[in-house]
Amino acid sequence: MTRVCHALGFLMHQPPDTLNTMVEHQMGRLLQIIDSYQMPLKYLNSYQDCLKIHVGFSGVLLEELLSREVIDACRKIIDIPSMLNGYRESKNVEIIGLGYSHPLFPLIPAVDWDAQIAQGREIAREVFGHEPRGFFPSAKGFCPQMIPILKKYGYEYVILDRSAVKPKVKEAVGSCCGHDRYSSIGSLLYRQTEIGAVFISNGFDHLRAGDSPTKLPEALPSRDGASLAAGQQDLLIVDWLVIDDLIGRKISSLPEDCEFWEGYFSPYLEWRYKSAIAPRSVLLRELVPEMKMRPPLTLQVENICIADFQENGHFASIGRCSPSERKRAIEEVWRLSQQYHEVRSALLQKADRCLSHGQVDLADLLERVQKWLLKSQTDCYFSEEDESWAAKVYDNIKPALILLKEVKRQVW
């Protein structure tokens, strides 16, 4: 008999300084957002016997959730430290790593990938007490060149949309997924470095309006649905939900008046709790050994959309099809990155001289510049249709440039 398993993940992310700004101007909205972050935990406490979840917080969001201003503003209604500790202590939660500011990795300089991955992992470890084993890149923002960096920091698998993976030879993505067990897991290879892969199926999105939650396995795309009907292999459904999309709203396939948590998720869990044939909840870390057993799919670089500069310094690949304001903002992020790394390299070469400037800690100044740089690379600045988002990138670039100017003044 075919066994159906369900891996469910929730993504929590806000652009830099969003929550702190809401403390002053949108307190109601702030409480609504924080309450949405504790919703998975509420259901987890009620359905401990049949629910396991994955949770990923971006580094910039965790920093705000740890800020005294946000904690104090919400304290009378929501205990943020208690919420974070709930995720930390639960055995039914797997913490997933994100980039520090959840960037679109192909869109930012590769020289900044290491810091994005390292700092996102470090703050997750500090807050939740666990080393994340899985990594979720923003949207379809994955490049095979990321694999060695992910492995360097201890990641064992990456969670992807199938369309984000480009094989080096003419072979289907499914060729790295065995036919004895789950078709949604596999292994990827780039320059002798291998990492596990989990492919999102988004079963919830394939439900039709009015469908019962019991229809979830049957609603999958034909690739997985056919395998299930034929009983060829066990089926793993991988759903990844953005918490912000669920605030008082529905997922795309549900009826207009159907709120997600009470209108769909609660009945779904009730069915799973009572039914012997309902999907079994799993954590992806349990499947890492199976990922390692799969023949790896060798990836190519040529077809991956990687942002870069031409010799004249103008933004190339993605910029050609981006609105003008977004393109200009991306170019400024690249220029800031170039300036930061040039100054950092120069300081390393002049270490003795820099140490003589005892009044100002130049290393601390550079660290602050890097923080602003990484924040400027937040995904929504460049992925939202509203071009006003692109203008927000300068809120991070301007203070970084001021600090860089101070560093140069101290040394040169």
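Structural remarks
- Some residue of the range 132-139 being without any contact (Cβ under 8 Å) to a residue 24 or more places away in the chain, surrounded by fewer than 24 Cβ atoms within 10 Å (Cβ to Cβ) and not small (Gly, Ala, Ser): no
- All of Pro15, Pro40 fail the test of being more than 24 Å from Glu131 (Cβ to Cβ) and either touching a residue at least 40 places away in the same chain (Cβ under 8 Å) or buried (at least 19 other Cβ atoms within 10 Å of the Cβ) (or both), apart from Pro15.
- Positions within the range 364-385 being over 21 Å from the mean Cα position of the chain (by Cα) and either touching a residue at least 12 places away in the same chain (Cβ under 8 Å) or farther than 16 Å from Val411 by Cβ (or both), in sequence order: Leu365, Leu366, Arg368, Val369
- Applying the condition of being at pLDDT 85 or above and in a loop (DSSP other than H, G, I, E, B) to the range 183-202 and asking which residue is surrounded by the fewest Cβ atoms within 10 Å (Cβ to Cβ) yields Gln192.
- Any chance Asn45 is surrounded by fewer than 20 Cβ atoms within 10 Å (Cβ to Cβ), of a type in the set (S, T, N, Q) and closer than 30 Å to Val282 by Cβ: yes
- Filtered by the rule that a residue be modelled with pLDDT of 95 or more and in contact with a Lys or Arg (Cβ under 9 Å, 6 or more places away or on another chain), the range 149-167 gives Tyr153, Gly154, Tyr155, Glu156, Tyr157.
The values are calculated or read from the model by the stated rules, or taken from the named source; none is laboratory data. The structure displayed is predicted, hence computed values, not measured ones. In this analysis, Cβ positions are derived from the backbone assuming ideal geometry, glycine residues included, and neighbour counts consider all displayed protein chains.
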